[in-house]
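Comments concern the structure below.
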Amino acid sequence: MPTTPGRPDAAGRTMPEFAVPAPLAEHGPARIIAMCNQKGGVGKTTSTINLGAALAEYGRRVLLVDFDPQGAASVGLGVNPHELDRTVYNLLMERGAAARDVIVETAVEGLDLLPANIDLSAAEVQLVGEVARESVLSRVLRPVLDDYDVILVDCQPSLGLLTVNALTAAHGVVIPLECEFFALRGVALLVETIEKVRDRLNPRLEVDGILATMYDSRTLHSREVVARVHEAFGDQLLHTIISRTVKFPDASVAAEPITVYAPNHAGASAYRQLARELVARGDAA
Ligand SMILES: Nc1ncnc2c1ncn2[C@@H]1O[C@H](COP(=O)(O)OP(=O)(O)OP(=O)(O)O)[C@@H](O)[C@H]1O
Ligand SMILES: [Mg+2]
């Protein structure tokens, strides 16, 4: 899965060597990355959890924001969000709620979580009447920016107001794309939304990269999809590619990142490589 440096990657480019990032002497301020694709089931949550865990292994302080009412990122990190009194919903909707009071530690050292549950589904409607409704997430995260090096936002599969809030808070967007025939369908709309948010709300916003997921090297089909994505997006396509393996669903059942559940599996190495690639590109500390 992680291609050897110097060999061709899945798009036929030479795979660079991504150095292990040097330890950080100080932490923060965080760079915020939204993990975003309105298509469902493309690997957003899996990538958020495992990239977060891999960055934490490299000594980065990481906050993962669960921004999906399904709460999959929370559950995937062993937090039962239905037992919590306070979630990201309270933080968005209640005056006086502070991020530090809602954030929970996870079993992974250096990786914290702002959990979500089904309550968050009401926020989409309730936020509509708020002043500066698109920048609520940005505002509530401000007090903890200095505590973290990277904040990853796991978006829900929609381009609604919650996702617009994630894009307004973010410095960068990583777009996970499943390697299947219709992968590119809808990406134009996503890019258009990103451009609108950049023009109107958040001029610093950039696309950090497109992450091909669920790649199957045995099929010509997967390779064709990667070639088409490369043709359309050039070097926005990250070198790191995530292969399809049952270890990912297995790890989510165990409620652990793959880097903990199967630390020597190629899937764990791939997310470590992704972490190194993003650091090398300047997209993460
Ligand atoms: N590389 C992979 N190989 C095999 N299965 C994977 C891989 N990545 C994710 N999966 C599985 O595919 C399903 C969807 O993944 P995930 O939940 O990460 O996608 P998502 O984009 O967050 O979905 P949603 O849009 O519903 O939030 C999950 O069951 C997950 O375990
Ligand atoms: Mg998800």
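Within the chain, the selection of entire DSSP H helices by a Cα span of 15 Å or greater along the long axis and an average Kyte-Doolittle value of at least -0.5 returns 44-57, 187-200, 220-233, 266-280.
Counting Cα-Cα pairs of segment 31-280 in 5 Å increments starting at 0 gives whole-percent bin shares of 1, 7, 15, 19, 21, 17, 12, 6, 2, 1, 0. For trypsin sites (Lys or Arg not before Pro), the sites in segment 56-164 that DSSP calls loop and that have at most 12 other Cβ atoms within 10 Å are 95. Taken one residue at a time, the phi angles of segment 138-149 give Karplus couplings (6.51, -1.76, 1.60, θ = phi - 60°) of 4, 5, 6, 7, 3, x, 10, 4, 6, 7, 10, 8 Hz. Gly and Pro are set to x. Expressed as a rounded percentage, what relative contact order does the chain have, with Cα pairs under 8 Å and six or more residues apart? Relative contact order, the chain: 27 percent. Counting every alpha-carbon pair across segment 1-142, the share separated by more than 26 Å comes to 33%.
For trypsin sites (Lys or Arg not before Pro), the sites in segment 166-208 that DSSP calls loop and that have at most 14 other Cβ atoms within 10 Å are 185, 204. Across 169, 99, 232, mean-square fluctuation computed from a Gaussian network of the chain (C-alpha pairs under 10 Å connected) peaks at 232.
No value in this document is a laboratory result; all are computed from the given coordinates. Note that this is a predicted model, so its numbers are computed, not measured. Using ideal geometry, Cβ is built from the backbone for each residue, glycine included, and neighbour counts are taken over all protein chains shown.
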